[in-house]
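S.K.: Dropping a structure here in structure tokens format, bear with me for questions.
The values are calculated or read from the model by the stated rules, or taken from the named source; none is laboratory data. A quick note: this is a predicted structure, and the numbers were derived from the prediction, not measured. Positions of Cβ are generated from backbone atoms using ideal geometry, with glycine treated the same way; all protein chains shown enter the neighbour counts.
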Amino acid sequence: MENFKRKPLALVLIAAIALSAGAVAIFSSKSGAAPASGAGAAKPALTVTTALPQPLSLPVKLSANGSITAWQEAIIGSESNGLRLIEVRVNVGDKVKAGQVLAVFYEGSVQADTAQARASLLEAQANALDAADNAARARTLERSGALSAQQINQYNTAEQTAKARVEAAQAVLAAQQLRGRQTRVLAPDSGVISARSATLGAVVGAGTELFRMIRGGRLEWRAEVTSAELGRIQPGTPVTVTAASGAELRGRVRMVAPSVDPQTRAGLVYVDLPGSAGMASPAKAGMFARGEFELGTTAALTVPQPALVLRDGFSYVFRLNADQRISQLKVQTGRRVGDRVEITAGLAADTRVIVSGAGFLNDGDLVRVNDASTSNQPAAPASSAQIATN
């Protein structure tokens, strides 16, 4: 009887628990519906800035390599033979002027030979004067018959022979005087001494090289340019040459070689360099240098450097779409000037691209634009004033 009374009580408790669980489930389902509707709205991945491509006039340059050499190099040698060098007045790197004395040979033997030649000339002149007097007297006796025609002819011949000996003696004296002047080695032109082989006390023969000189101190850059590019270079084209030391020199094309090397198919372009080849000059003869020929300017479409993203060996930019999402565009780049990069293909002039934060984005991302020109609205075609501002 007692067990029978307990069964209704247990049934009531079970029913109460079931009702409580149902209420909790209903309440939970209602309270979770609101967050679910809020989570459906996507959040921007990043706050970015944008810009329109900017047309600029960029310089066209042609790069080349070559060597710096002397414009013209003069070889200064000895004109005297068998004389001893007693004085050397210049060294490598010295600037000299035309006619300046560079070295001096001992002239004692030359002076003795000159004195002997002068004495021989005086003797020849005296003999010539005597022969002329004898010939003049013989001609006065020609009509009298005191002398035969053969004798008179002999006197005339002796006179002419004496005159010839005078001229020969004068030539010998002039040669010895020239040898005396050649004991002083003079600079044939103004320039810079680039090499010296003269040694004090050496006895050198005629034609022995004593010095080398860069004429006028002028240097030139001889650039090697392919035959396909030679036609783009004209005399007077400005050139920027960078020496091995890093110093930049401004020069101009003096001449383009009329022929090319049949082995390398490259031609030489001769570029005059400013300044002198002194010790203070950053350019030295024999130095390797690279340079750029300035061939004018052309129009180019450019974007800021941060807008360019390099991935997998290719260049990309991100286009801002009307729904504030971005699209990845593959582009081809060209010249770089400052913080701007030329886009040669893959981008239209009215396409607004992401600038800041481009490296952290992926194709299709939603972004928030913090741009005064866009005001969080889809990008519209920009005017020329807007392009200049961006």
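S.K.: Given the criteria in contact (Cβ under 8 Å) with a residue 24 or more places away in the chain and farther than 30 Å from Ser281 by Cα, does Gly180 qualify?
M.R.: So Gly180 passes the test.
S.K.: To continue, here is another question. Taking the range 294-303 as the region of interest, how many residues are buried (at least 20 other Cβ atoms within 10 Å of the Cβ) and out of contact with any Pro (no Cβ under 6 Å at 6 or more places or on another chain)?
M.R.: Result for the range 294-303: 2.
S.K.: Return the total of residues in the range 258-271 being surrounded by fewer than 16 Cβ atoms within 10 Å (Cβ to Cβ) and touching a residue at least 24 places away in the same chain (Cβ under 8 Å).
M.R.: Within the range 258-271, residues that are surrounded by fewer than 16 Cβ atoms within 10 Å (Cβ to Cβ) and touching a residue at least 24 places away in the same chain (Cβ under 8 Å) number 2.
S.K.: Can you name the residue in the range 102-149 that is outside any helix (DSSP H, G or I) and hydroxyl-bearing (Ser, Thr, Tyr) and, of all such residues, is surrounded by the fewest Cβ atoms within 10 Å (Cβ to Cβ)?
M.R.: Ser144
S.K.: Which residue, of Gly251, Gly291, Gly267, Gly286, is of a type outside the set (A, V, I, L, M, F, W, C), over 13 Å from the mean Cα position of the chain (by Cα) and in a strand (DSSP E or B)?
M.R.: On inspection, the qualifying residue turns out to be Gly267.
S.K.: Being closer than 21 Å to Leu58 by Cβ, surrounded by 18 or more Cβ atoms within 10 Å (Cβ to Cβ) and outside the structural domain of Gly93 (by TED's automatic domain parsing): is that true of Gly291 here?
M.R.: yes
S.K.: Take the residues in the range 189-231 that are β-branched (Val, Ile, Thr) and within 31 Å of the chain's Cα centre (by Cα); name whichever of them is nearest to Ala103 (Cα to Cα).
M.R.: Ile193
S.K.: Next question. From the set of residues in the range 245-257 that are surrounded by fewer than 13 Cβ atoms within 10 Å (Cβ to Cβ) and of a type in the set (A, V, I, L, M), which is farthest from Pro282 (Cα to Cα)?
M.R.: Top of the filtered list is Met255.
S.K.: While we're on this one: So which residues in the range 205-236 are without any contact (Cβ under 8 Å) to a residue 12 or more places away in the chain and either in contact with a helix residue (DSSP H, G or I) (Cβ under 9 Å, 6 or more places away or on another chain) or of a type in the set (A, V, I, L, M, F, W, C) (or both)?
M.R.: Hit for the range 205-236 is Ala228, nothing else.
S.K.: So which of Thr351, Thr344 is closer than 18 Å to Thr302 by Cβ, in contact with a Gly (Cβ under 8 Å, 6 or more places away or on another chain) and at pLDDT 85 or above?
M.R.: Thr344
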